[in-house]
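Peer 1: My structure is below; once you've seen it, I'll send some questions.
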Amino acid sequence: MHSTLPAELEEFRQSCRRTAEKHFRPLIDKMDRDHEFPHEARPVLAELGAYGLPYPSELGGGDGSWLAWAILHEEVARVLPALGIHFQVNTVVAGALQDAGTDEQIQRWVPPLLRGEVTGFFGFTEPDTGSDPENLKTRATRTDDGWRINGHKRWITNATHADVGVVFAKDPDDDVSLFLVPTEGPQVHAESPTEMLGLGGTGLADLHLDDVEIPADHLLGSTGGQFKTLKRAMTTGKLGLSAMSVGIMQASLEEAVRYARHREQRGHPIIDFQAIHHLLAEMVSQLEASRQMLYWGARCKDEKGSDTIPEIASTKLFVTQTAVEVARMAVSVHGVYGISKETPVERMFRDAKMYELLEGTSEVQRELVMRAIDEIK
Ligand SMILES: Cc1cc2nc3c(=O)[nH]c(=O)nc-3n(C[C@H](O)[C@H](O)[C@H](O)COP(=O)(O)OP(=O)(O)OC[C@H]3O[C@@H](n4cnc5c(N)ncnc54)[C@H](O)[C@@H]3O)c2cc1C
C-alpha cells in the first residue's frame, strides 16, 4: 500500500524492521513458550531509542516524535509484541514523573529510564480495581522523615525485574498521591510471574509493598489530585498498545498471505478461493484504517501532548478491537493449523486479545471517548 509518511520515517521503519528481525525474532520462544524476560534485548532497544524516543535529549530522550515512536512500536510488535510492553512502561513512568514531579525530581529520575539504564514499573492496578481510584487500598502514611507505603499491586508489567516504579496510593487525606518506589530491599517483593493467555515473558506479577519506607523527596510533586496523572500517562500507554496492535495486524496479514499461497486444496492454492480473497481483503482494509488512525492519534499527541485523552482512547478502542478481528481472520485462513502452536498466528491472536483488555478495557475507553461527545453542542 502507498505510504503518505515522509520518506525519512519510512526509512526509520525499515531500520527498525531489520533490527527486530535480527535481534528479536530469535527471542520469540524464550518469551512466549518459556515465559522468560530476555534481558539481552535491552541494549538493542536502548540503541534503537525505544525507551525515550519522543523526549528531549537533555532528559535522555531521542528528540523524536510520538509518530516515530509509534512506528518503532509497530515494527517491534510485528515480530515480538510482548517485548513492546516492556519498554513502553519506561516511557509511561517517565511521562508520569514529568507530569507530577518537580524539576529536580524530573532531572534526577527521568534520564536513566529514557536511556533504558533502569527498568520501571507502573503501579496502579490492585486486586479490587483496575480503573477506579476510589477503590485503591494501597496506603501512604507519614513518617518522621518521609513516607511508609503498604499495599498490593496486581498485574504489574516488569514486576519481576524492575529497579524503580511509580505507585499510586491513598494519602492521609484519602486523596490519590504518587510516589517513586525503588524495588531494592525485602519490603518490595514480586510474586511468581502470572501466566496469562498471551504476552508471556513480560515479568508480569503482583507486587507486595510491606512497610516500604521512602524519603520525603520520593513523593512526586505535592499530595493529592494524582488520578489525573494516571489518565494523562495512559495516553502514552494506549498509544503504544495501539501501535503494537497494528504491528500484530501486519504480521497476521503477512502470515495469512504466505499460508494461503502455499496451502493447496482441490488442486489449487487456497488463495485462489473467493472466500479467502474476502478474508484477506477485509484484513488489508482493517489494517490500513487502523494504521491511519494510529498515525492520527500519534500526531495529536505530538501537537497536544497528554491533553489527548479522548483522541487516544478512541484510537485504542478502534485499533485494539480491530486487531483481535484481523488476527481472528488470519486464524481462519489457516483452518485448524491456525489454532496449532506450530503456526505464528495462534500467538498473534492471543497477544491481540491481551492488548484489547489492558490499560483500560474497551468499555472504559468508551467512557473516555464520551468526553468528545460532551463537547458537541
Ligand atoms: C498483561 C497485562 C499487563 C498489565 N500491566 C499493568 C501495569 O504495568 N500496571 C498496572 O497498574 N496495571 C497493569 N495491568 C492491569 C490492567 O491495566 C487492568 O487489569 C485493566 O485496566 C482492567 O482492569 P480490571 O481487570 O481490574 O477491570 P475492572 O476495572 O474491574 O473492570 C471489570 C469490567 O467492568 C468494566 N468496567 C469497569 N469500569 C467501567 C466503567 N467505568 N464503565 C464501564 N465499564 C466498566 C470493564 O470494562 C470490565 O469489563 C496489566 C494487565 C495485563 C493483563
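Peer 1: Lysines within cross-link reach of K341: Cα-Cα under 20 Å, excluding same-chain residues under 8 positions apart?
Peer 2: Output for K341: K30, K353.
Peer 1: Specify which residue in the list V364, V246, F318 is farthest towards the positive end of the charge dipole of region 227-374, using unit charges on the beta carbon of Lys, Arg (+1) and Asp, Glu (-1), about the Cα centre.
Peer 2: V364
Peer 1: Tell me, what is the FRET efficiency for A275 and S3 to the nearest 0.05, using R0 = 41 angstrom and their Cβ-Cβ distance as r? If you can, show how the numbers build up before the last one.
Peer 2: On the way: r = 29 Å, r/R0 = 0.72.
Approximately 0.90, to the nearest 0.05.
Peer 1: Under the rule a/c < 1.5 gives rounded, and otherwise a/b versus b/c splits prolate from oblate, where does region 120-218 land using the Cα gyration tensor?
Peer 2: Values: a/c = 2.37, a/b = 1.46, b/c = 1.62.
Cα axes put region 120-218 in the oblate bin.
Peer 1: If amide hydrogens are placed 1.01 Å from N in the peptide plane, which non-local residues have theirs closer than 5 Å to the one on L53?
Peer 2: G62
Peer 1: Going by alpha carbons, how many degrees (0 to 90, nearest 10) lie between the helix axis of 227-262 and the longest principal axis of the chain?
Peer 2: 20
Peer 1: Mean shadow of the chain, computed from the convex hull of its alpha carbons, in nm²? Walk me through the numbers on the way to the answer.
Peer 2: On the way: hull surface 78.4 nm².
Seen from a random direction, the Cα hull of the chain projects 19.6 nm² on average.
Peer 1: Something else now. List the lysines whose alpha-carbon lies under 19 Å from that of K304, not counting same-chain residues fewer than 8 positions away?
Peer 2: K228, K231, K238, K316
Peer 1: When a/c is below 1.5 the answer is rounded, else prolate if a/b is larger than b/c, else oblate, so apply that to region 7-114 with a ≥ b ≥ c taken from the square roots of the Cα gyration tensor eigenvalues. Intermediate values should be presented prior to the final figure.
Peer 2: Details: a/c = 2.49, a/b = 1.45, b/c = 1.72.
Oblate.
Peer 1: Normalised by the number of residues in region 7-114, what is the relative contact order in percent for Cα pairs under 8 Å and 6+ residues apart? If you can, show how the numbers build up before the last one.
Peer 2: Details: 114 pairs, mean separation 29.5, N = 108.
With pairs under 8 Å counted, the relative contact order is 27 percent.
Peer 1: Taking 0.36 nm per residue of sequence separation and subtracting the Cα-Cα distance, how much length would be gained by fully extending the chain between V336 and D132, in nm to one decimal? Intermediate values should be presented prior to the final figure.
Peer 2: On the way: separation 204, 0.36 × 204 = 73.44 nm, distance 4.03 nm.
Using 0.36 nm per residue and subtracting the Cα-Cα distance, I get 69.4 nm.
No value in this document is a laboratory result; all are computed from the given coordinates. Predicted model only: the values in this text are computed from it and were never measured. As a convention, Cβ positions derive from the backbone with ideal geometry for all residues, glycine included, and neighbour counts pool all protein chains shown.
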